[in-house]
Amino acid sequence: DLASAFGMTTGHVQKLGYAASQTGVELEVVMDAHKDLGKSTGEALAGVEGKIWAFRALGISVNEIAGKNIDQVFMRVAQAIRDSGPILTPDQAKAIEDLGGGAMFQLINMMRSDLPEMFAKLEEGLGLVDDAAIQRLGRIGDAMAEFKTQNTGVWADIVGVVYGAIIMIFNIIEFLLI
């Protein structure tokens, strides 16, 4: 599942997908930026100076992200970008690329929006689907696929019998006409 593949909660993936759809960004781009940010966060926490600098350029200390999950770090970076104002400094632009790659640049408008407010509207209006419901839907999908696979043979047998009967009828008609 997408959430576990990227080390995120299912709810956060749904929220990001909603925010992406509202700001004209593909969810795949969001996930790419998220993945790169996760790697950069790990590197900053491990003491890689370039990544520490990138967080600092956005006004975020390494101590501030220590112990946070990637969802929380993403939201903190989004807040820093939103707080930066309408024009990024060259250092901020470089920091964004260093932390989230080119994908994060595509997210600047999304990250400048009020994500917490957008997420709240999603939860109030549409609601989030919890992990258990997603797993149930996955099992239903698997069962439907299995049913389709099992019954393809049955339908092929029925079509074969009907086709054989039609051919036999044409042969009888042809015989009677001769």
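The values are calculated or read from the model by the stated rules, or taken from the named source; none is laboratory data. What you see is a predicted model; the values in this text were computed from it and never measured. Glycine gets a Cβ as well: all are built from the backbone with ideal geometry, and neighbour counts include every protein chain shown. Accessible surface is based on the protein model in full, side chains and every heavy atom, while ligands, DNA and RNA are left aside. Shrake-Rupley method; radii C 1.70, N 1.55, O 1.52, S 1.80 Å.
Can you find a residue that is out of contact with any Pro (no Cβ under 8 Å at 6 or more places or on another chain), among the hydroxyl-bearing types (Ser, Thr, Tyr) and crowded, with 19+ Cβ neighbours inside 10 Å anywhere in the stretch 1-22? Checking the stretch 1-22: at least one residue is out of contact with any Pro (no Cβ under 8 Å at 6 or more places or on another chain), among the hydroxyl-bearing types (Ser, Thr, Tyr) and crowded, with 19+ Cβ neighbours inside 10 Å. Against the test of being touching an Asp or Glu at 6+ places or on another chain (Cβ under 7 Å) and loosely packed, with under 15 Cβ neighbours inside 10 Å, the options Gly42, Gly102, Gly50, Gly85 yield a single qualifying residue, Gly50. Selection over the stretch 57-92 of residues that are more than 21 Å from the chain's Cα centre (by Cα) and not hydroxyl-bearing (Ser, Thr, Tyr) gives a count of 21. Applying a threshold of 6 Å to beta carbon distances and a minimum spacing of six or more residues, or different chains, the list of pairs starting in the stretch 64-84 at a residue that is polar (S, T, N, Q) and ending at one that is open to solvent by 20 Å² or more (accessible area, probe 1.4 Å) reads Ser84/Gln92.
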